[in-house]
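K.L.:
Just dropping this structure here.
The values are calculated or read from the model by the stated rules, or taken from the named source; none is laboratory data. Model, not experiment: these values are computed from the prediction. Here Cβ is always computed from backbone atoms with ideal geometry, including for glycine, and neighbour counts include all displayed protein chains. What goes into the accessible areas is simple: the full protein's heavy atoms, side chains included, and nothing from ligands, DNA or RNA. Shrake-Rupley method; radii C 1.70, N 1.55, O 1.52, S 1.80 Å.
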Amino acid sequence: MILLTHNMMVSPMKESSKQIALRLEAEEVEEKDRDFNAEFLVSILERIDWPAFLEAAAVLKQSGLPPTKEELNTSDEESMKKFHHALMEVDVVTGSLVCTETGRKFPIAASIPNMLLNQD
């Protein structure tokens, strides 16, 4: 699961009082080359929850990203390539997504998060 996918997800727990981001726990991570498309990155940027993205990027040991999305220099190719790499090329193969309000864990297997609410 890439960070773009993670960033667009919210907890499905009914107990959650609002739509909240899920904390990422990574066990196995792979890096995969994907085509760089600066126009796509600029267009998706406003939809990115930057604090959640930075937190997940830190879990995946991705550095060199600005503290706010407003500080991302979209005209600088090197900055955009760092953003692209963290957002699109770092793939969580196994791990968990954790609801930060309820603590419920959702497993990630074969890069696919399982968000089904099975009864425990």
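K.L.:
Do you know which residues across the stretch 53-85 are open to solvent by less than 60 Å² (accessible area, probe 1.4 Å) and of a type in the set (S, T, N, Q)?
P.N.:
Listed by number, the residues that qualify are Q62, T68, S79.
K.L.:
Pick out the one residue from L22, L117, L87 that is closer than 14 Å to L4 by Cα and either polar (S, T, N, Q) or modelled with pLDDT under 95 (or both).
P.N.:
Result: L22 is the single residue among L22, L117, L87 that is closer than 14 Å to L4 by Cα and either polar (S, T, N, Q) or modelled with pLDDT under 95 (or both).
K.L.:
Separate question: So, of the residues in the stretch 89-111 that are closer than 18 Å to A57 by Cα and β-branched (V, I, T), which turns out to be most open to solvent (accessible area, probe 1.4 Å)?
P.N.:
Per the stated criteria, the residue is T100.
K.L.:
Among all residue pairs at least 6 apart or on different chains, which show Cβ distances below 7 Å where the first residue, located in the stretch 55-82, is closer than 21 Å to E31 by Cα and the second is open to solvent by 60 Å² or more (accessible area, probe 1.4 Å) and at pLDDT 95 or above?
P.N.:
L60/V29; G64/K82; L65/K82; S79/N73; M80/T74; K81/F36
K.L.:
So S11 passes all but one of these: (1) open to solvent by 30 Å² or more (accessible area, probe 1.4 Å); (2) out of contact with any helix residue (DSSP H, G or I) (no Cβ under 9 Å at 6 or more places or on another chain); (3) small (G, A, S). Which condition number does it fail?
P.N.:
All conditions are met except number (1).
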